Structure formats: structure tokens, C-alpha cells
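Below is one structure, written out as C-alpha cells; comments come after it.
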């Protein structure tokens, strides 16, 4: 019998189920807070780790979610064209308030509100990827092709 998930991880499991996905959230003893830690914990390449990064538009203070491959750094200027305004860093309180999750555990779905979302095209080179699932110890495995159906968003080059 599977162990009971923490409330945040269960929230992600419920969000997956509500969308018709049979993917399984697992909580690990080790940290998955960073892409490197997550890759070590699940035994995959760093590029297979989904980083859910929340930014804040500078003028309108709207949240923007960038779903990035673990090896990529986000070039914030790329998104200014799409958004029509500069993009800045979001602090921990903003991330928690707008997503319902803590930094290091932000999943690609199940947020407190709808977020403008972009998906890194580099994730599609892998057969399977791993995403955070609500806590810095929880993850779930999925196919990259599931992301657009799961969360919407625009697939772009983020670097």
C-alpha cells in the first residue's frame, strides 16, 4: 500500500487525476529542490528535470510560469516580446501566494490561479521527464508531450 502523500503533493496528485492523467506523485527521502538534486534522486539526466520557474511582470505584477529543462537558464528578455513588458524575479512570498506552492516544489499544474505559461522546447527531446509535485521532496514522471495538454502554454525556445 502506498504511503499517504503530504497535503501539497496530494494537491498535485488530485490535479493530475482531475485532468485524466494516471501519473503517480512520489515523495522521496532526498531533496529535489534543485534540478541537480532531483536528477540524482530519480536517476536521470539534469535536462530531464522540469524546472517550474515563476517570474513577475514588472509593470502589471502578473505571474508568468516558465517550464524549463533542468540544464537551461531562462533568458528573461525572450519573453518581453511575448508579454509586451519586462519580466523580473518573483520573490518567495509572491510565488507562494500566486501558485500555492513553495519555491523548490512548484509543479507545472494545480496552481492557485491561472498563470501565463511558456514551455521550453528542449524538453521534447526526451522520452520522459520529471516535474516537481508540490514539495521539495515530491516529483512525478511524465512524457513531454503531456505538458501542453496538461497545462496549455506556448512552446518556445527559452534561451
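Miscellaneous remarks
- Shape call, the range 11-84: gyration tensor on alpha carbons, a/c limit 1.5: oblate
- Here the simple spin-label model places points 7 Å from the Cα toward Cβ, and for residue 24 and residue 80 these points are separated by 4.7 nm.
- Within the chain, antiparallel bridges make up roughly 65 percent of the DSSP beta bridges whose residues both belong there.
- Given the alternatives (1) 0.97; (2) 2.12; (3) 1.16, Cα Rg over 2.2 N^0.38 Å as computed for this entry is given by (1).
- Taking 7 Å steps out from each Cα toward its Cβ at residue 102 and residue 36 produces label points 2.1 nm apart.
- Packing, as the average of other Cβ atoms within 10 Å across residues, places the peptides 75-85, 128-138, 33-43, 149-159 in the order 128-138, 33-43, 149-159, 75-85, highest first.
- Placing dummy labels 7 Å off each Cα toward the beta-carbon, the span from residue 93 to residue 73 is 2.8 nm.
Laboratory data are not the source of any read-out in this text; all were calculated from the coordinates shown. Treat the numbers as computed from the prediction; the structure is a model and nothing was measured. Every residue, glycine among them, receives a Cβ derived from its backbone with ideal geometry; neighbour counts consider all protein chains shown.
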